[in-house]
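Trainee: After the structure tokens below, expect a handful of questions from me.
Read-outs throughout are calculated quantities, based only on the coordinates presented, and are distinct from any laboratory measurement. Keep in mind the model is a prediction, meaning the values are calculated, not measured. Cβ atoms come from the backbone with ideal geometry, glycine included; neighbour counts cover every protein chain shown.
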Amino acid sequence: MKTYNFDESYIADVPGEKEITAKDVQVFYGDNHAIFNANLKFLRNKVTSLIGASGSGKSTFLRCLNRMNDRIATVKGEIDYQGTNINSKNVNVYEVRKQIGMVFQRPNPFAKSIRENMTFALKENGIKSKDKLEERIESSLKEAALWDEVKDELDKSALALSGGQQQRLCIARAIAMRPNILLLDEPCSALDPISTLKIEETVVRLKENYTIIIVTHNMGQATRISDYTAFFHLGHVIEYDATKNIFENPSMQATSDYISGDFG
Amino acid sequence: MNPKRVNNIATGVIFALVGIVVAILLFLIGYILFNGVPNISWKFLTTSAQAFSSGGGIRDQLFNSLYLLVLTLILSFPIALGAGIYLAEYAPDNWVTNLIRTTIEVLSSLPSVVVGLFGYLFLVIQLQLSFSILSGAIALTFFNLPLLTRSIEESLNSVSSLQKEAGKSLGLSDWKTITKILLPVALPGILTGVILSAGRVFGEAAALIYTAGQSAPAVNYGNWNFLDPTSFLNPMRPAETLAVHIWKVNTESVTPDAHLISSASSAVLIIVILIFNLGARYLGNHLYKKMTATK
Ligand SMILES: Nc1ncnc2c1ncn2[C@@H]1O[C@H](COP(=O)(O)OP(=O)(O)OP(=O)(O)O)[C@@H](O)[C@H]1O
Ligand SMILES: [Mg+2]
């Protein structure tokens, strides 16, 4: 593997309204230092991709943003969301996760009906009115481009859906909570090209209402859907810039090697 | 040898082994039913036992077995559920947890006579619970806890961690995720544990002889006041169960028809276990389908 100098990185000062900002974020799994000083600013209503080789820490970093690493890893540093450091101990993590939703690499619908998948967390959060729930189900499934396929069988088990449908259901379930930010960890890696395209279209449409941060191994996907891209290598953020610059005119040697496939 | 041949031989051996197991099982059950069922009559099921004359029934023993099972499950299930959830979801991976697991394993391998004698000395004498269903139920809880805890822990562990992450990412508390998302999925496994432990309760004799006692005093099945000594629901009365009854008629009974009674009782015991087994599975499947929306 080529070695690069991690003291150098190129973090562009992206212009725009910021939604969530990571300041000096470091992550440790026991003694394993998985993320070194990540400083990233994510813009509102934009799609940002996180790219990098396997094991570079993309998932680890993403999971810091809604406290999914609690009890799994030690996260140091600050994560500023709407003026609060949500990485501090006394923050209500449940509230954080409601506002910052997440979709995982492998589709993980609950072993319940499609309807219950959509309403379970809503009901737990005190939304009891039937009309309101129905409205949420329909609008969220529409936003996730799944409504037409499932509207007649909402009481069917979610596990009977195809992988791509399950993943869109997971997106719908996340946006039913009306979060501000949506974190997607390789949402298409288990899907066929057609389902992948559907999800990409969904993501692009969703950015009108949400701030989206997506981990992807697919460079084409990053260029197609994201406005900004961060490149991770061995736990370091090497480069962060507009997607166009990253792929057409990267500033760092490591980035350019990675996107041209001449890596390691 | 080519792979196909190896495969054929292996399959043959496996079939033969399975055949042996099934044959033994069928022989045992068939033998018991064949000898017992002809002696079962409505009268046998609905009259009380006779100490000296023939023609006695097993009404009280049958009821005691069922009642003991219910009481044992009421005592052991909540504790096992709590312990199972703790071990599967909360316990840190350290020596304390390992110690707990080892303790549970040791508990599950205690000979039942030892548990019975312990129950006698501690529950019956020390705590003055006397020979009673309650003493019996507590003693059986000692048996039941390890089995149930283990099966609940393992069923929960077998639920994909993805489900838990899903709950977490939606802002649900761990408790909500465990009870409302994971437990329904784990239900069939938990049920198997309950069924296994129920079979054990039905079949246990040694531990009960010293705790629930060997006598079945006449009780009034119309008296629902469980505090009244004559009530059939009174947990403080001595209660000979079916398994203990079988043991007793075979060892110290002077009834002329002891052989008939024990073979019929054994058949009843097997049939009841079977009914309980099927009933629990049916109910469990129904619940599972309802909670997970599978058809
Ligand atoms: N739960 C965990 N416990 C311990 N170490 C972990 C855990 N999860 C990840 N790691 C370690 O953290 C480092 C970064 O892993 P991470 O999963 O964040 O990489 P990634 O960039 O998402 O990789 P991939 O593209 O394969 O998903 C790796 O060295 C990995 O071994
Ligand atoms: Mg990952």
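Trainee: If you count, for each residue, the other Cβ atoms within 10 Å and average over each peptide, how do A:34-47, B:218-231 line up from highest to lowest?
Mentor: In descending order of packing, they fall as A:34-47, B:218-231.
Trainee: So for the stretch B:208-295, what percent of the C-alpha to C-alpha distances run longer than 14 Å?
Mentor: 74 percent
Trainee: Here's a follow-up. Over its Cα atoms, what ratio of radius of gyration to 2.2 N^0.38 Å does the protein assembly as shown give?
Mentor: 1.30
Trainee: Starting from the stretch A:1-33, pick out the trypsin sites (Lys or Arg not before Pro) whose DSSP state is loop and whose Cβ has at most 11 other Cβ atoms within 10 Å.
Mentor: A:LYS2
Trainee: Using the 10 angstrom Cβ neighbour count as an exposure proxy, how do A:GLU200, A:GLU208 rank, fewest first?
Mentor: The most exposed by this proxy come first: A:GLU208, A:GLU200.
Trainee: Using only the alpha carbons of chain A, what is the convex hull's orientation-averaged projected area in square nanometres?
Mentor: One quarter of the hull surface, i.e. the mean projection, equals 14.3 nm².
Trainee: Also, quick follow-up: For a quick protection proxy, order the peptides B:99-111, B:146-158 by their average other-Cβ count within 10 Å, most packed first.
Mentor: Put in order of decreasing packing, that is B:146-158, B:99-111.
Trainee: If Lys and Arg each add +1 and Asp and Glu each add -1, what is the summed charge of the other residues whose beta carbon sits under 9 Å from the beta carbon of A:ILE11?
Mentor: Summing Lys and Arg as +1 and Asp and Glu as -1 gives -2.
Trainee: To test your reading of the geometry: what angle, between 0 and 90 degrees and rounded to tens, separates the Cα axis of helix A:130-143 from the longest principal axis of chain A?
Mentor: Its long axis makes an angle of about 40 degrees.
Trainee: Any idea what angle helix A:114-124 forms with the longest principal axis of chain A, computed on alpha-carbon atoms, 0 to 90 degrees, nearest 10?
Mentor: The helix A:114-124 is inclined about 80 degrees to chain A.
Trainee: If you don't mind, there's one more thing I want to ask. For the protein assembly as shown, give the share of DSSP beta bridges that are antiparallel, in percent and rounded to the nearest 5; count only bridges with both residues there.
Mentor: Of all bridge pairs located within the protein assembly as shown, approximately 50 percent are antiparallel.
Trainee: While we're looking at this one, here's another question. Within the set of other residues whose C-beta is less than 12 Å from the C-beta of A:ASP185, count the net charge using Lys and Arg as +1 and Asp and Glu as -1.
Mentor: My count for the surroundings of A:ASP185 gives +1.
Trainee: Average the reciprocal distances over every distinct pair of alpha-carbons in chain B, invert the result, and give the Kirkwood radius in Å.
Mentor: So the Kirkwood estimate lands at 21.6 Å.
Trainee: Could you list the square roots of 5 times each eigenvalue of the Cα gyration tensor of the stretch B:9-83, that is, the equivalent ellipsoid semi-axes, sorted largest first and rounded to whole Å?
Mentor: Equivalent ellipsoid semi-axes, largest first: 35, 27, 7 Å.
Trainee: Additional query: In terms of Cα to Cα distance under 15 Å, which aspartates and glutamates are near enough to A:LYS58, apart from those fewer than 8 places away along the same chain?
Mentor: Cross-link targets: A:ASP185, A:GLU186, A:GLU239.
Trainee: While we're on this one: Amide H to amide H, which residues 5 or more places from A:LEU43 or on other chains are under 5 Å from it, using H placed in the peptide plane?
Mentor: A:GLU19
Trainee: Considering every Cα-Cα pair within the stretch A:111-243, what fraction, in whole percent, is farther apart than 25 Å?
Mentor: Of the Cα pairs, 30 percent sit more than 25 Å apart.
Trainee: Here is a follow-up. Under a straight-distance cross-link criterion of Cα-Cα below 20 Å, which aspartates and glutamates are reachable from B:LYS248, leaving out those fewer than 8 residues away in the same chain?
Mentor: The reachable aspartates and glutamates, counting only those whose Cα sits under 20 Å from B:LYS248, are B:ASP60, B:GLU204, B:GLU240, B:ASP257.
Trainee: In addition: Place a point 7 Å from Cα of A:ASP155 in the direction of its Cβ. Which residues in the stretch B:267-295 have their backbone N less than 14 Å from it?
Mentor: Output list for this probe position: B:290-295.
Trainee: Turning to a different aspect of this structure: Going through the cross-link list A:LYS128/B:LYS290; A:LYS198/B:LYS180; A:LYS18/A:LYS130, which pairs have a Cα-Cα distance over 28 Å in this structure?
Mentor: Over 28 Å apart, Cα to Cα: A:LYS198/B:LYS180; A:LYS18/A:LYS130.
Trainee: Still on this structure: Compute the signed sum of charges (Lys and Arg +1, Asp and Glu -1) over the other residues within less than 11 Å, Cβ to Cβ, of B:LEU140.
Mentor: Neighbourhood net charge equals 0.
Trainee: Mind pulling the angle between the C-alpha long axis of helix A:193-206 and the longest principal axis of chain A? Nearest 10 degrees, somewhere in 0 to 90.
Mentor: 90 degrees
Trainee: For n ≥ 4 DSSP H runs only, could you compute -39500 (n - 2.57) per run for chain B, divide by its residues and tell me the 222 nm figure to the nearest 500?
Mentor: -22000 deg cm²/dmol
Trainee: How many angstrom lie between the C-alpha centres of the stretch B:223-288 and the stretch A:180-232?
Mentor: 63 Å
Trainee: Can you tell me how much longer the chain between B:GLU252 and B:GLN50 gets when fully stretched, taken as 0.36 nm per residue apart minus their C-alpha distance, in nm with one decimal?
Mentor: Between B:GLU252 and B:GLN50, full extension yields 71.4 nm more.
Trainee: Name all residues of the stretch A:27-56 having a backbone nitrogen under 17 Å from the label point set 7 Å from the Cα of A:ARG71 along its Cα→Cβ direction, giving them as ranges.
Mentor: A:30
Trainee: Still on this structure, please answer the following. Once you put a point 7 Å from the Cα of A:LEU197 and another 7 Å from the Cα of B:THR103, both along the Cβ direction, what distance in nm separates them?
Mentor: 6.1 nm
Trainee: Straight-line reach from B:LYS289: which aspartates and glutamates fall under 18 Å, measuring Cα to Cα and dropping same-chain residues less than 8 apart?
Mentor: Correct list for B:LYS289: A:GLU116, A:GLU153, A:ASP155.
Trainee: Let me ask you something else. Arranged by the count of other C-beta atoms within 10 angstrom, fewest first, what order do B:MET236, A:MET252 take?
Mentor: B:MET236, A:MET252
Trainee: Where Rh denotes the Kirkwood radius from the mean inverse Cα pair distance, what is Rg over Rh for the stretch B:136-249?
Mentor: 1.18
Trainee: Please compute the average number of Cβ atoms from other chains found within 10 Å of each residue's Cβ in peptide B:158-169.
Mentor: If you average over the peptide's residues, the count of other-chain Cβ atoms is 6.
Trainee: Let me ask something else. Quick one: compute the contact order of chain A, relative version, from alpha carbon pairs under 8 angstrom and 6+ residues apart, as a percent.
Mentor: About 29 percent, as a whole number.
Trainee: Sort B:SER130, A:SER226 by Cβ crowding within 10 Å, fewest neighbours at the top.
Mentor: Lowest count first: B:SER130, A:SER226.
Trainee: Using label points projected 7 Å from each Cα along Cα→Cβ, tell me how many nm separate A:ASP13 and B:PHE226, to one decimal.
Mentor: It works out to 7.4 nm between the two label points.
Trainee: Please list, in order along the stretch A:77-93, the HN-Hα scalar couplings obtained from phi with the Karplus expression 6.51 cos²θ - 1.76 cosθ + 1.60 (θ = phi - 60°), rounded to whole Hz, x for Gly and Pro.
Mentor: Rounded to whole hertz, the list is x, 10, 10, 8, 10, 6, x, 10, 7, 7, 8, 8, 4, 8, 7, 6, 5.
Trainee: Can you compute log10 of I(q)/I(0) for the stretch A:149-201 with the Debye formula, treating each Cα as one identical point scatterer, at q = 0.28, 0.30 Å⁻¹?
Mentor: Once normalised to I(0) and log-transformed, intensities are -1.21, -1.26.
Trainee: Right, something else. So which of A:LYS2/A:LYS89; A:LYS89/B:LYS164; A:LYS46/A:LYS142; A:LYS46/A:LYS156 end up more than 27 Å apart by C-alpha?
Mentor: Cα-Cα > 27 Å for A:LYS2/A:LYS89; A:LYS46/A:LYS156; rest within.
Trainee: Please give the residues of the stretch A:1-19, grouped as numeric ranges, whose backbone N is less than 20 Å from a label point set 7 Å along the Cα-to-Cβ vector of A:ASP80.
Mentor: The answer is A:10-19.
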